[in-house]
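Everything on this sheet refers to the single structure shown next.
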Amino acid sequence: MKKTVFFIFALFISLFTIQSCDKIEPPYKENNTITPGETNKRKVLLEDYTGHTCVNCPPAGVKATELKEVYGDQLVIITVHAGYFATPVAAPFDTDFRTEAGNDWNSFFGIISNPKGMVSRLSEGGSQLVDYGEWGTRIGNLIDEDELANIAIETTYTESSRSLQIKTSTKFLQEMQGSYNIQLCLTEDSIVAPQRNNTATVGPVPTIENYVHRHVLRQGINGSWGEPVVSGNNAIVPGQLYEHNFSITLNSDFNANHCSVVAFVYSTADYGVLQVEEKHISE
Amino acid sequence: MKQLFFVLLLFVMATTLHAQENTSIPNVTIKTLEGQSFNTSEITNDGKPVILSFWALWCKPCQKELDAFNEHYEEWQEETGVKIYAVSIDDSRSTARVMPLVNGKGWEFDVLLDPNSDLKRAMNVNMIPHTFLLDGNGKIVAQHTSYFEGAEFELYKEVKKLVGVN
Amino acid sequence: MRKLFLFLLLICSSSLFAQDFINSAQINGSFQVDGQFYRPDDALGITDSLIAGRKIGLNGYGNITYTLGKFSAGMRYEAFLTPIAGFDPQQEGNGFPYLWAAYNTEKIGVTVGNFYEQFGNGLLLRTYEEWTLGYDNSLNGMRVVLRPTKGVTIKGVYGSQRYYWQKFERNSRGIVRGVDAEFDLNETVKGWESSRVRLILGASGVSKYQRDADPIYNLPENVSGFAGRANLMAGKFNFMTEYAYKINDPSAANNFIYKEGQSLLTSLSYSQKGFGAVLQLKRVDNMSFKSDRGISGNALDINFIPPINRTHSYSLTARYPYASQPNGEMGLQFQLNYKIPKGTALGGKYGTGIALNFSQVNDIVRKAVNDTTAIGQEGTLGYTSDFFAASDHVFFRDFNVQIDKKINSKWKAVVQYMNLYYDIATLEGHPGEEAVKAHIALTDITWKITSLKSLRMELQGLWTEQDEGNWAAVMAEYTIAPKWFFALADQYNYGHPDKDMQNHYYTFSTGYIHDATRIALTYGRQSEGVVCVGGVCRQVPASSGLTVTITTSF
């Protein structure tokens, strides 16, 4: 009896061992390059909620950059400075990168700890919030889907007056239920400013003096929640072009050479982003 | 909807069943101070009452209560034959320190270890100290949470009532 | 929902088919609600707009256990609407996170649903729930426990873990499975039954499965770990050890390095009446083990790395608590308990208790794997580490002495001194801040006025030049056993470097206890904190207001 028990247990353990070990040999990094520019694929929006005094945030920034290298134009990133760790404090952390739209999203989606992200604002298991270690997996799950809507952005930027004209043309590619909003915002890339840090492989601890802040949300062009793609209570007509025009004056603090317009269409029912597009303002 | 079910369930249970008073302690396998398996059905005292007290190293009032029990234990045993079991809910961060403390304090009663809170959960203990009084048949006749200086005398009154000693 | 219905059905059917046992059916349960009612407090910087309408925080649960012979079932309802200050906002929600049914005999035990399990010391697997911390990593699945002969216990478990209120969906997070066996040799080996040397051996294996869909790394989908343990008792000596090993497990917690993980926990104790001593050693290297490699923060842990230093219970001694560093630490702890006997010069009429405790935790030594790779660089092996070497970097040191003395039948006193070194940069994730070096002294005096009424006073001081500077704390508590208590306390941060922050954190509390029901009210203030551990940063705001706790068991 006793021997049988030992035998069964030994068998169990060894089966378990053989079946459940994946020892990975180098190289650990995959050589993944997605064939770019297939226009009929869905584009994915990654929002990185961060703050300049959040010491654990730089690794999330590194992750976003790595993912951008893999997915190129198919991934659009917005870095949102909001919440406690984005609040301006004593110099050198006295710059305010917060925006009204960013604050609204931060509080609406219930982001209290940083870093946190959302991938096309889609929820899984009842939550939209995604830790940065999961971003790649979540984006990978969406990236091969066909696009359901298409957004085209045209911009006209006049340097002398810093005026920016934007025209978006949105086209739904199939019958859609529910209502959809279009949200536009302005991002500025490569702002150099100090960032607190606690990860030595990313940069000096405790402060990276010349940290390059990527894809920083600067302004919600049409508020925090955008406007309906289809005006009134009309049903969506597949193939029809829905046009929207916007005009803003670029804040003198923003570097026009680094500014882009990001437009995304989302469901007003669950806030999930259907499609996103990005365009540099002076291209 | 869920809440409705919850209420319904409670109702079903309440109508068919008794509360923990006059029930026996659940059958759970925990550990002795020496690390051996111990089934709670072994908590018995030849028809005499048992005091079962939950405590932990980090709980000051618990240790005060057990110190107070220890001070009177000899006398209580002579008078009523009551037996005390102290169940430590310390987890692996402090189980190694339980035996030295018990011996260091010179506690005379049996101490058991419940490192994964299995018995604590089974007996629905929310906060410690939490003390149960079992009668000679192993039925729970009283329970009390918290300990204040002097509460041991109130408990002992109940013990005396159980065995009919004045 | 469907689960609940099944549960109900189970209970009804069990009562129907087991008419004979209906009288032996037992039910017990418990309820608790913790409520906080906030108010603005200018001195702490709490304004109406900060409270932002969330004036009330409520955490509550109800727990029911049903037993009918060998069958038992239970459930817990929880509602965090909204969670009280200091709890993770992801707690917000309500539902039944804990539903289970079990059948147990002497030889076999089966549990379905949610359960809490621990293998050995938990170095490989421990699921538990800690209400006061808002922590719950229960497994949702099945557990089988076999006891084929006396002294042999074999356990098998599998399931997915609780992650706040997020439902498990295919590939949303990992699956955990594990086996454990324990042999009490004195009960299984012939001729050892009456031996004075007692030996218990145990072994376990745990594995998690999570799909790899990551575009950047080639990740292991099955990660497993193994552990072995022994407990040897010989007379007054007790020796316990457990070693755990884990294969490559790149995760957000270890910055995606592919190194294996190890940990060792050992303790040796000696005790006899009136005297006890224990020495504990610990080494942890890359042992964070979560059922979702991508998540940051304090959730979904499969294993438990115990901090082995003393858990303090006075407010100022507990101000800087140590938390285990799963990515690497080496620690030791020594404790001595001695009771100076009654009737001696120092022992007096009642004896005097002395407890001495020392613990220190250092970082491990990490060496680069080659010249071109930084230590801990993601997507590499990370580093190599000598198993027996400790780094000069001290995370934590605590030396404390406590003397308990009963002076006469009316008076009792406790005095304690603590010397602390606390690397706040590592332990709270505040890089650049100087480590806290503090002296803490306290006295706790009890005056027994009558047999049921007593007054207890605490006086504590914490002196440090770092962090928030010096603190003083006073407390007076009047108790009427076994039903009433009244307490007044104040913690005063008189040494805060910023004069505006030299606040009093006063509280007034009172409570009534009847049997297993306790109702307590606390009015006062709590200080704020910023914690950046486990890869996330979170602010615990200061709060001010009324706290109500109602708890009952039946």
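All of the numbers you see were taken from the coordinates with simple rules; none came from a lab. Quantities reported herein were computed from a predicted structural model and do not represent experimental measurements. Quick reminder, even Gly has a Cβ in these numbers, built from the backbone with ideal geometry, and neighbours come from all protein chains shown.
Give me the one-decimal Kirkwood hydrodynamic radius in Å for segment A:40-105, with the sum taken over alpha-carbon pairs. Kindly include the intermediate steps, with their values, before the conclusion.
Numbers: mean 1/r = 0.0770 Å⁻¹.
Evaluated on segment A:40-105, it is 13.0 Å.
³J(HN,Hα) across segment B:96-110 via Karplus (A = 6.51, B = -1.76, C = 1.60, θ = phi - 60°), whole Hz, x for Gly/Pro?
Per-residue couplings from phi come out as 5, 8, 5, 4, x, 5, 4, 6, x, 7, x, 5, 9, 8, 6 Hz.
Enumerate the whole-percent occupancy of each 10 Å bin, from 0 to the last occupied one, for all C-alpha pair distances of segment B:40-103.
Going from the shortest bin to the longest, the percentages are 19, 48, 29, 4.
Residues in segment C:423-441 near a label at A:GLU209, defined as backbone nitrogen under 20 Å from the 7 Å Cα→Cβ point?
C:431-433
Output the Cα-based Rg and Dmax of segment B:54-166 in Å, rounding Rg to one decimal and Dmax to a whole number.
Rg, Dmax (Cα atoms, Å): 13.8, 44.
Can you compute the modelled spin-label distance between C:ASP371 and C:VAL189, with each label point 7 Å from Cα toward Cβ, in nm?
Placing both labels 7 Å along Cα→Cβ, they lie 5.3 nm apart.
For segment C:476-517, list residues with backbone N below 20 Å from a point placed 7 Å from the Cα of C:GLU465 toward its Cβ?
Only C:494-499 pass the distance filter.
Please give the contour-minus-distance gain from C:ILE449 to C:GLN502: 0.36 nm per residue of separation, less the Cα-Cα distance, rounded to one decimal in nm.
Between C:ILE449 and C:GLN502, full extension yields an extra 15.5 nm.
What dipole magnitude, in Debye to the nearest 20, does segment A:20-178 give about its Cα centre under +1 on Lys/Arg Cβ and -1 on Asp/Glu Cβ?
Numbers: 14 positive and 23 negative charges, 43 e Å.
In debye, rounded to 20, segment A:20-178 gives about 200.
For chain B, which span is the longest to avoid every loop-located (per DSSP) member of GluC sites (Glu not before Pro) having at most 15 other Cβ atoms inside 10 Å?
So the longest stretch without any such site is B:35-107.
Could you list which residues have their amide H under 5 Å from that of A:GLU147, counting only those 5 or more apart in sequence or on another chain, with H placed in the peptide plane?
A:LYS41, A:ARG42
Enumerate by residue number the trypsin sites (Lys or Arg not before Pro) in segment C:176-235 meeting two conditions: DSSP loop (anything except H, G, I, E, B), and at most 10 other Cβ atoms within 10 Å of the site's Cβ.
Answer by residue number: C:LYS190, C:ARG196.
For chain A, what is the convex hull volume of its Cα atoms per residue in Å³?
Normalising the Cα hull of chain A by residue number yields 191 Å³.
Note down the Stokes-Einstein diffusion coefficient of the protein assembly as shown in µm²/s, whole number, using a Kirkwood radius over alpha carbon pairs, 37 °C, and 0.692 mPa s. All intermediate terms of the calculation are to be shown ahead of the outcome.
On the way: Rh = 31.0 Å.
Using the Kirkwood radius from Cα pairs, D works out to 106 µm²/s.
If we restrict to alpha carbons, what Rg and Dmax does segment C:94-210 come to, in Å?
Over segment C:94-210's Cα set, Rg and Dmax evaluate to 16.6, 55 Å.
To the nearest 20 debye, what charge dipole does segment B:19-163 have about its Cα centre, counting +1 at the Cβ of each Lys and Arg and -1 at the Cβ of each Asp and Glu?
With Lys and Arg at +1 and Asp and Glu at -1, about 440 debye.
Give, as ranges by residue number, the residues of segment A:181-210 whose backbone N falls under 20 Å from the point 7 Å along Cα→Cβ of A:LEU241.
A:182-184
Using the Kyte-Doolittle scale, which helices in chain A average at least 0.0 and also have C-alpha atoms spread 24 Å or more along the helix axis, with helices defined as whole DSSP H runs?
A:2-19
With only alpha-carbon atoms in the gyration tensor, what are the semi-axes of the equivalent ellipsoid for segment C:149-201, in Å, largest first?
Ellipsoid half-lengths, sorted descending, are 40, 10, 7 Å.
Rounded if a/c is under 1.5, else prolate if a/b beats b/c, else oblate: with a ≥ b ≥ c from the C-alpha gyration tensor eigenvalues square-rooted, which is chain C? Could the numbers behind the result be given before it?
Values: a/c = 1.22, a/b = 1.15, b/c = 1.06.
It is rounded, given that a/c, with a ≥ b ≥ c, falls under 1.5.
I'd like to know which of C:ILE375, C:VAL144, A:ASN31 lies farthest towards the positive end of the charge dipole of the protein assembly as shown, counting +1 on Cβ of Lys and Arg and -1 on Cβ of Asp and Glu.
Farthest towards the positive end: C:VAL144.
Report the GluC sites (Glu not before Pro) located in segment A:87-176 that are in a DSSP loop and have at most 11 other Cβ atoms inside 10 Å of their Cβ, or state none. Working shown, then result.
Details: sites: A:GLU100, A:GLU124, A:GLU134, A:GLU145, A:GLU147, A:GLU154, A:GLU159, A:GLU175; in loops: A:GLU145, A:GLU147, A:GLU159, A:GLU175.
Hits after loop and neighbour filter: A:GLU145, A:GLU159, A:GLU175.
Rounding to the nearest 20 debye, state how big the charge dipole of chain C is about its Cα centre with +1 on each Lys and Arg Cβ and -1 on each Asp and Glu Cβ.
Its charge dipole is roughly 2280 debye.
Taking segment C:415-504, which chymotrypsin sites (Phe, Trp or Tyr not before Pro) meet the DSSP loop condition and have no more than 15 other C-beta atoms within 10 Å?
Qualifying residues, ordered by number: C:TYR494.
Using a 10 Å cut-off on Cβ to Cβ distances, tally the other chain neighbours for every residue of C:292-299 and report the average as a whole number.
Numbers: counts 4, 3, 9, 5, 11, 4, 0, 1.
Across C:292-299, the average partner-chain Cβ count within 10 Å equals 5.
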